[in-house]
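Engineer: I'd like to ask some things about the structure below.
The values are calculated or read from the model by the stated rules, or taken from the named source; none is laboratory data. Here the structure is a predicted model, which is why all the values come from computation and not from measurement. Backbone-built Cβ (ideal geometry, glycine too); neighbour counts: all protein chains shown. Protein only, heavy atoms only, side chains kept; ligands, DNA and RNA dropped before computing areas. Shrake-Rupley method; radii C 1.70, N 1.55, O 1.52, S 1.80 Å.
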Amino acid sequence: MLLAMPSEPERLTRGDAEEQLLYFTTSSLDSADANLWFISDRSGSPNVHVLDLASGDQRRLTDNARGRMWQYQGFAGEPGRGLAVWSVALDAASGRLYFIQDNAIRSVDPDGTIRELAPLPNDQITAFIDVSRCGRFLCVPTTDARALVAPTAEGCAPGGPHAIDQRCQDEGLNSFLHVYDTATGTEVDRIAVPRCWITHVQFRPDTSGHILYNHEWPANAGVRRMWLWDGERHRCIRPAGDGRRPDDWACHEVWTPAGDAVVYHGSFHDGPAMVGRWRVADNMRTEIPLPARFTRYGHFQIGPERDDLLVCDGYYEQDEDEPGAARWLSLQAVDWDAGTVDWTPLCPHGSPWRDQDDHPHPIFDHAAKHIYFTGSTPAGRRAVYRIAI
């Protein structure tokens with residue numbers, strides 16, 4: 001392993017509030033790494049703000065005053081009201097932000113101009129959205145609302161989250177990939193996916209006609225989690241066979257920058273944890289086992305130009321670390337051909353891992369000079385930090 005002394009991260013957001021990055025499948029930075037988009041409840045309700053990294057100026061971009069909307073992962077929200085905190089996506093080239101608020105799909109330009117694109121389909125629950133690299137299309141996943149039934153005092157559907165997939169199977173409930181024209185708001189495609197619950201969607205970077213998506217919390221997660229819509233058919237990325245088992249676990253699939261492969265992580269049914277890559281062209285899968293003690297849950301994200309440089313907010317641990325949740329932000333140099341991973345710790349991120357909001361969800365900036373992440377302040381609040389690499 002390549003060990004380094006921990007560095008001191010820089011706190012960027014300064015409000016006396018709960019503040020966090022956008023979900024890690026979208027960038028929180030424009031392509032020039034000049035501005036940072038983040039979510040804050042400093043106004044009393046969650047809203048998206050933008051921070052000029054050079055001047056320190058911060059502006060609120062959205063106008064929500066009605067709390068959180070019920071969605072994945074906002075189970076404790078209110079149906080049809082407020083900001084869908086995890087349905088936010090940034091077009092890094094234009095600085096235009098897409099979001100869902102009060103059951104409507106909207107956009108906001110850097111100058112603060114808000115536009116309504118389309119209503120959210122009735123009787124549907126949404127989750128993480130994505131804008132194509134070219135900026136022309138927006139993908140919004142929805143699921144028949146019956147799958148989640150109704151929020152409970154515990155903030156989830158009756159029976160817990162793992163009952164949702166079974167309800168889809170038993171009752172024949174569906175998910176949909178809705179694709180909208182970002183200029184007109186016209187729905188240009190609507191792809192039905194039967195008997196599943198979709199929460200993650202990602203356009204392939206090099207072609208908007210391919211969409212990576214998931215089956216959330218499914219039974220048989222080792223073989224049912226990851227899928228690709230290639231414009232004609234649904235392709236399972238990790239089917240059973242050749243050592244792949246339904247009782248393995250696979251999760252958090254993300255595209256490589258070139259769009260030629262998907263990187264994911266998980267674990268084998270009998271251990272250990274692993275990080276994997278699936279190549280589109282030849283259907284080749286490479287899965288690298290992690291050290292036996294590296295079992296602390298986390299997320300991997302990929303560097304902006306290469307698929308052999310990753311950042312992670314979990315798994316890595318040092319001998320003196322106490323039992324419990326992951327605490328380290330670390331870099332991984334991956335040799336996919338040799339099947340090796342070298343780990344370089346950067347710093348503790350301080351996340352208490354209470355819920356999805358607390359997850360560090362680290363991302364690279366576009367110049368690969370910094371890692372941005374959601375961390376914890378000395379007062380126990382969430383804030384956005386960065387660390388130079």
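Engineer: Would you please give the FRET efficiency between Glu116 and Ala379, computed as 1/(1 + (r/R0)^6) with r the Cβ-Cβ distance and R0 = 35 Å, to the nearest 0.05? Intermediate results must be reported in sequence, preceding the final value.
Structural biologist: Working: r = 37 Å, r/R0 = 1.06.
With R0 = 35 Å, the Cβ-Cβ based efficiency is 0.40.
Engineer: Considering only Asn214, Asn174, Asn283, give the residue with the highest GNM mean-square fluctuation for the chain, with springs between Cα atoms whenever their separation is below 10 Å.
Structural biologist: Asn283
Engineer: Given Cα positions, please report Rg to Rh for the chain, the hydrodynamic radius being the Kirkwood one.
Structural biologist: Numbers: Rg = 19.7 Å, Rh = 21.1 Å.
My calculation of the ratio gives 0.93.
Engineer: Which whole-number value in Å² is the accessible area per residue of the chain, probe 1.4 Å?
Structural biologist: Working: 15290 Å² over 389 residues.
Roughly 39 Å² per residue, with all protein chains present.
Engineer: Residue by residue through segment 331-337, which ³J(HN,Hα) values in whole Hz follow from phi under the Karplus form 6.51 cos²θ - 1.76 cosθ + 1.60 (θ = phi - 60°), with glycine and proline marked x?
Structural biologist: Those phi angles translate into 9, 10, 9, 10, 10, 5, 6 Hz.
Engineer: What translational diffusion coefficient, in µm²/s and rounded to a whole number, does the Stokes-Einstein relation yield for segment 193-255 at 4 °C and a viscosity of 1.567 mPa s, taking the hydrodynamic radius as the Kirkwood radius over Cα pairs? Working shown, then result.
Structural biologist: Working: Rh = 12.0 Å.
Estimated via Stokes-Einstein, D reaches 108 µm²/s.
Engineer: If you take the charge dipole of segment 1-148 about its Cα centre, with +1 on Lys and Arg Cβ and -1 on Asp and Glu Cβ, which of Gln71, Ala147, Ala92 is farthest toward its positive end?
Structural biologist: Looking along the dipole axis, the top candidate is Ala147.
Engineer: Per-residue ellipticity at 222 nm for the chain, helices alone: DSSP H runs ≥ 4 residues times -39500 (n - 2.57), over residue total, nearest 500 deg cm²/dmol?
Structural biologist: Working: 2 runs with 14 residues, N = 389.
Calculated from helices alone, the mean residue ellipticity at 222 nm is -1000 deg cm²/dmol.
Engineer: For segment 316-389, calculate the relative contact order in percent as a whole number, restricting contacts to Cα pairs under 8 Å that are 6 or more residues apart. Please report the intermediate quantities before stating the final value.
Structural biologist: Working: 112 pairs, mean separation 14.8, N = 74.
Taking the mean separation of contacting Cα pairs over the length of segment 316-389, I get 20 percent.
Engineer: Of the accessible area of the chain, with the probe set at 1.4 angstrom, what percent is carbon plus sulfur?
Structural biologist: Solvent-exposed carbon and sulfur of the chain make up 47 percent of the total.
Engineer: How large is ³J(HN,Hα), in whole Hz, for each residue of segment 371-388 in order, when computed from phi with the Karplus curve 6.51 cos²θ - 1.76 cosθ + 1.60 and θ = phi - 60°, using x for Gly and Pro?
Structural biologist: Listing the rounded values in order: 10, 9, 7, 8, x, 10, 7, x, 7, x, 8, 7, 8, 8, 10, 9, 9, 6 Hz.
Engineer: Sticking with this structure for a sec: Please name whichever of Ala379, Gly80, Ala127 sits farthest to the positive end of the charge dipole of the chain, dipole taken about the Cα centre and charges placed at Cβ: Lys and Arg +1, Asp and Glu -1.
Structural biologist: Gly80
Engineer: Now, a different point. Mind checking the dipole of segment 142-277: about its Cα centre, +1 per Lys or Arg Cβ, -1 per Asp or Glu Cβ, Debye to the nearest 20? It would help to have the intermediate numbers written out before the result.
Structural biologist: Values: 13 positive and 18 negative charges, 38 e Å.
Value, rounded to 20: 180 debye.
Engineer: Over segment 1-130, what portion of Cα pair distances is larger than 18 Å, expressed as a whole percent?
Structural biologist: 53 percent
Engineer: On the principal axes of its Cα set, how long, how wide and how thick is segment 230-293? Give whole Å, largest value first.
Structural biologist: 39, 24, 18
Engineer: Let me ask something else about it. Of Gln20, Gln58, Gln71, which is the most mobile in a GNM of the chain whose springs link Cα atoms less than 10 angstrom apart?
Structural biologist: Gln58
Engineer: Obtain the nm distance between the two label points defined at Thr207 and Ala338 by a simple spin-label model: each point lies 7 Å from its Cα along the Cα-to-C-beta direction.
Structural biologist: 3.3 nm
Engineer: Could you give each residue of segment 267-277 its phi-based ³J(HN,Hα) in whole Hz, using Karplus coefficients 6.51, -1.76, 1.60 with θ = phi - 60°, and x for Gly or Pro?
Structural biologist: 7, 7, 4, 10, x, x, 5, 8, 10, x, 9
Engineer: Let me ask another. Place a +1 charge on the Cβ of each Lys and Arg in segment 240-293 and a -1 charge on the Cβ of each Asp and Glu, then give the dipole magnitude about the Cα centre in debye, rounded to the nearest 20.
Structural biologist: With only Lys, Arg, Asp and Glu charged at Cβ, the dipole is about 100 debye.
Engineer: Would you be so kind as to identify which of Ala273, Ser175, Thr286 lies farthest towards the positive end of the dipole of the chain, taking Lys and Arg as +1 and Asp and Glu as -1 on Cβ and the Cα centre as origin?
Structural biologist: Ser175
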